[in-house]
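Trainee: For reference, the structure I am asking about is given below.
The values are calculated or read from the model by the stated rules, or taken from the named source; none is laboratory data. Because the structure is a prediction, the values reported are computed rather than measured. No Cβ is skipped: glycine too gets one built from the backbone with ideal geometry, and neighbour counts run over all protein chains shown. Calculation scope for accessible area: heavy atoms of the full protein, side chains included, ligands and nucleic acids excluded. Shrake-Rupley method; radii C 1.70, N 1.55, O 1.52, S 1.80 Å.
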Amino acid sequence: MTNLDGVFRREWGPAVAALARWSGDITVAEDAVQEAFTQALRTWPNDGVPDNAGGWIVTVARNRALDRLRRESVRPGKELAAVADDILARNDHADVHPVRDDELRMMFTCAHPALDPTSQLALTLRLISGLTVAEIARTLLQSEAAVGQRITRAKNKIRHANIPLRVPPAELLPERTPNVLACIYSVFTEGYWSTAGPSAIRDELCDEGVRLAGELCSLMPDERDAHALAALVLLHDSRRQTRVDAGGALVPLDEQDRNRWDRSRIARGLDQLAQAAGATGPYLPQAVIAALHATAPSWDQTDWSAICMAYDRLIEITDSPVARANRALALGFRDGFPAGLAALDEVADDPRLARSNTAASIRADLLRRAGRRDEALEWYRTALDRNGSGPARRFLRRRLAECIGHD
């Protein structure tokens, strides 16, 4: 079952995107791919996973889609045959558009300005990465019911408004690119900071985020924000293998083995960062922060002044309370932990942090480092109550035990 789940994670997005391009209908594509995976669950345990699992899924899904079209059609047989032949012919013609990736085509479709940004993101996470409604709800900090309704409405709007399943003309790319960048980053972050469940990291989503960021850079080589995003995910991903310990608990950055960081990914990330110079979006300052950590010889030699400056720029762009909370932690390392706690006080009551354990975790860490362990203990408990991720909870329990043991 674990192997089949991995195939699902890898092949869901490409299969749905390919079927949507081929059929011209997102709902038909999603339903057909779902039926194909259902058949795979029945046959693969006995027959084995095919060498080309993705091709198997697409072929079966295409047959299911044709069966559905035949059932739903009220046309005479000869006309129906012509319709089926026309659909099949679409897959035989070379696509002359410079985009070679069906998933990127789907992303630009989902980023259509007729859809609101949250619906764009929810729909993309569902269709491209195969996240469940529950996973998307955690990512967006919304209820499952609200997310499910949002996805349904977005698909209906695409269908009823006849929004084309294609990448827009060159002159329309800039207005949709920020939404596509946000979707790619959300795919990566759900893999790198899994919001819930037994695993801290979902490798297939990390790989998918890195791949799609690179594909977008190939599509739009002059788009600096795309290079900034590629730099950010590569630099974060260079530390992937050191982020959990043997027991599956998260390992904080200051305790990670820097000798195990992926130097090739760091080099690629720094190259992308150089190409991103002048980018105006939120990914460049985040990539700068990641680069400062990736290139610091040790935790003690981290350039916290430069990191605080990068956070200042990020806050100018986004006014994000999460960025302000993380800047407070960096400020604590630059100016002393009491200064960091004072800065955190300025943002801790922001309602946008209400569903997150970010502020509680940072306050607990600053208090612990300041030697105020009794207070830290209470905030670690608060952070634990607000966290649904198994690895993060194991890490917080470790911190709790350290605070108790110190007494």
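Trainee: Using 14 Å as the cut-off for backbone N distance, which residues of segment 250-267 belong to the label zone defined by a point 7 Å from the Cα of A296 along Cα→Cβ?
Mentor: 252-258
Trainee: Could I ask something else about it? Once the whole set of protein chains is in place, how much accessible area is left on V60, using a 1.4 Å probe, in Å² to the nearest 10?
Mentor: Near enough 20 Å² of accessible area.
Trainee: Please determine, in degrees from 0 to 90 and to the nearest 10, the orientation of helix 390-406 with respect to the longest principal axis defined by the Cα atoms of the chain, where the helix direction is its Cα long axis.
Mentor: Rounded to the nearest ten degrees, it is 10.
Trainee: With every protein chain in place, what's the accessible area of F333 (1.4 Å probe, Å², nearest 10)?
Mentor: For F333, the solvent-accessible surface is approximately 50 Å².
Trainee: Using only the alpha-carbon atoms of segment 238-332 as identical scatterers, what base-10 log of I(q)/I(0) does the Debye formula give at q = 0.10, 0.15, 0.23 Å⁻¹?
Mentor: The computed values of log10 I(q)/I(0) come out as -0.29, -0.65, -1.28.
Trainee: Follow-up. What residues have an amide H closer than 5 Å to that of V244, excluding those fewer than 5 places away on the same chain, when H is modeled at 1.01 Å from N in the peptide plane?
Mentor: Here V251 satisfy the definition.
Trainee: I'd like the accessible area for E204, computed on protein heavy atoms only with a 1.4 Å probe and all protein chains in place. Round to 10 Å², please.
Mentor: Per-residue accessible area (E204): approximately 60 Å².
Trainee: Next question, about the same structure. Please list, ordered by chain and number, the residues whose modelled amide H lies under 5 Å from the amide H of E223; skip anything fewer than 5 residues away on the same chain.
Mentor: Distant-sequence amide H within range of E223: zero hits.
Trainee: Next question, about the same structure. Send over a whole-number figure in Å² for the accessible area per residue of the chain, probe 1.4 Å.
Mentor: 46 Å²
Trainee: Then there's this: Angle, helix 173-192 long axis vs. longest principal axis of the chain, Cα atoms, 0 to 90°, nearest 10?
Mentor: The answer is roughly 60 degrees.
Trainee: Carbon-plus-sulfur fraction of the accessible area of the chain, 1.4 Å probe, in percent?
Mentor: Carbon with sulfur: 50 percent of the solvent-accessible area.
Trainee: For R166, which sequence-distant residues (separation of 5 or more, or a different chain) have an amide H within less than 5 Å of its own amide H, given hydrogens modelled in the peptide plane?
Mentor: For R166, the qualifying residues are T109.
Trainee: Which is the longest stretch in the chain that no exposed loop site breaks, taking sites as trypsin sites (Lys or Arg not before Pro) with a DSSP loop state and at most 12 other Cβ atoms within 10 Å?
Mentor: Formally, the longest exposed-site-free interval is 101-354.
Trainee: Compute the Rg to Rh ratio over segment 193-284 from the alpha carbon atoms, using the Kirkwood formula for Rh, and round to two decimal places.
Mentor: Result: Rg/Rh = 1.01.
Trainee: Roughly how many debye, to the nearest 20, is the charge dipole of the chain about its Cα centre, given +1 on each Lys and Arg Cβ, -1 on each Asp and Glu Cβ, and no other charges?
Mentor: It works out to roughly 640 debye.
Trainee: Oh, and also: With every protein chain kept in the model, how would you rank S129, S298 by accessible area, 1.4 Å probe, largest at the top?
Mentor: S298, S129
Trainee: I've got another one for you. For segment 325-377, build the convex hull from the C-alpha positions and give me its volume per residue in Å³.
Mentor: 61 Å³
Trainee: Expressed as an acute angle from 0 to 90° and rounded to the nearest 10, what is the orientation of the C-alpha long axis of helix 373-385 relative to the principal long axis of the chain?
Mentor: 10 degrees
Trainee: What ³J(HN,Hα) values, in whole Hz, does the Karplus curve 6.51 cos²θ - 1.76 cosθ + 1.60 give for segment 296-306 when θ = phi - 60°, with x put for Gly and Pro?
Mentor: 5, x, 7, 4, 5, 9, 5, 7, 5, 5, 5
Trainee: I've got another one for you. Go through segment 268-285 residue by residue and turn each phi into a ³J(HN,Hα) via Karplus (6.51, -1.76, 1.60, θ = phi - 60°); whole Hz please, and just put x for glycine and proline.
Mentor: Each residue's phi maps through the Karplus curve to give 5, x, 5, 5, 5, 5, 5, 6, 8, 3, x, 4, 10, x, x, 7, 5, x Hz.
Trainee: Based on the Kirkwood radius over alpha-carbon pairs, what value in µm²/s does the Stokes-Einstein equation return for the translational diffusion coefficient of segment 277-384 at 10 °C and 1.306 mPa s?
Mentor: Diffusion coefficient, whole number: 111 µm²/s.
Trainee: Here are several values of Rg/Rh (Cα atoms, Kirkwood Rh): [x] 0.97; [y] 1.01; [z] 0.94. Which one was derived from the coordinates shown?
Mentor: Correct label is [y].
Trainee: When the helix-only estimate is applied to the chain (DSSP H runs of n ≥ 4, each -39,500 (n - 2.57), divided by the residue count), what is the mean residue ellipticity at 222 nm, nearest 500 deg cm²/dmol?
Mentor: Calculated at 222 nm, the ellipticity per residue is -22500 deg cm²/dmol.
Trainee: Next question, about the same structure. From zero up to wherever the largest Cα-Cα distance of segment 339-407 sits, split into 10 Å bins and tell me the percent of pairs in each.
Mentor: Answer for segment 339-407: a P(r) of 22, 53, 24, 1 percent.
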